[in-house]
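The values are calculated or read from the model by the stated rules, or taken from the named source; none is laboratory data. Since we're looking at a predicted model, the values are computed, not measured. Note that we place each Cβ from the backbone using ideal geometry, even for glycine, and neighbour counts take in every protein chain shown. Protein only, heavy atoms only, side chains kept; ligands, DNA and RNA dropped before computing areas. Shrake-Rupley method; radii C 1.70, N 1.55, O 1.52, S 1.80 Å.
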Amino acid sequence: MAIGLMGAAAPRRVVSLNPCLDAILVHVADRSQIAALSHYARDPKGSVIAGVAAGLPMTWETAEEIISLKADLVLTSRHSSAATRAALERMKIRTELFDVPHTVADSDAQIRRIAQLVGREGRGEALIGRIHESIAASRPPVGQAPLQAIIYQSNGFAAGTGTLIDAMMREAGFENVAGRFGLSKWGQIPLERLIADPPQVILAGEIAPGTPTWADRVLSHPAFVRLGGRVRRASFPQRLLYCGGPTLIETAAALRTAREAR
């Protein structure tokens, strides 16, 4: 029998209500421990574990479903339904609440916590090791100047400083210049300001491979066309923007590809 925190028996029926936590859970827990994932986990446009999740139960985040699953541990986030969290608390069902990670260290801590909870600390450390190997592989050659860049999503939404993706951009040899447009954390960058002060690279938030992006629309604007070769577009999957954990392996590889693209 696996042993979790404080020497107690590890939970046998774990439910996750958040796609970022889903991805960590499937990497560290036994399949038999996973009672259900969130319904987001099956969405190939938004999840890095859609293939695995298709073979596992899911919920729509209702307390009734979780009770029927006889869950003995529920992983929740600040974005999980407040009503569901309150109902689980009234029912005395154990929940663990996780914040959004803002740094790689925050992400590591989440992995360690979930691995400890399910009694699989070794798998957690192995996953952290793979993530850090991917980050190291994404770094530019020593002495190479950072490329000024922004991640530009639908409706001009961009990632600012103090976010996990900002930390990953810096690791991969980019300087996230969203801050000079007044962004902290997340916000919109008006087209006019982007044209007036363009970065070297626009990382175009891509919903699915080959689909048109908001950045494509922006770069086809006559004012941008007149900038000539001053701005380069590189694709970046939007599903990699918000999660830590194993998602960072793909994030690091995508950023390296974007930096090396010509």
Hits in the stretch 168-188 - residues which are farther than 23 Å from VAL100 by Cα and open to solvent by less than 20 Å² (accessible area, probe 1.4 Å): GLY173, PHE181
Selected residue (only one of VAL142, VAL100 is outside any helix (DSSP H, G or I) and touching a Lys or Arg at 6+ places or on another chain (Cβ under 9 Å)): VAL100
Number of the condition not met by LEU219 [criteria: (1) within 30 Å of ARG130 (Cα to Cα); (2) at pLDDT below 85; (3) touching a Lys or Arg at 6+ places or on another chain (Cβ under 7 Å)]: (1)
Filter pass, GLY4 being modelled with pLDDT under 95 and under 28 Å from GLN238 (Cβ atoms): no
First in the stretch 188-209 and polar (S, T, N, Q), second anywhere and open to solvent by less than 10 Å² (accessible area, probe 1.4 Å), Cβ under 8 Å, 6 or more apart: GLN188/GLY156; GLN188/ALA158; GLN200/ALA149
Whichever residue in the stretch 99-124 is open to solvent by 60 Å² or more (accessible area, probe 1.4 Å) and more than 16 Å from the chain's Cα centre (by Cα) and, among such residues, is nearest to SER81 (Cα to Cα): ARG113
Neighbours by Cβ (under 9 Å, 6+ apart or cross-chain): first from the stretch 125-143, without any contact (Cβ under 8 Å) to a residue 60 or more places away in the chain and exposed (fewer than 15 other Cβ atoms within 10 Å of the Cβ); second not aliphatic (A, V, I, L, M) and not in a helix (DSSP H, G or I): PRO141/GLY173
Matching option when the condition is at pLDDT 95 or above, assigned to a strand (DSSP E or B) and among the polar types (S, T, N, Q), among GLN148, GLN116: GLN148
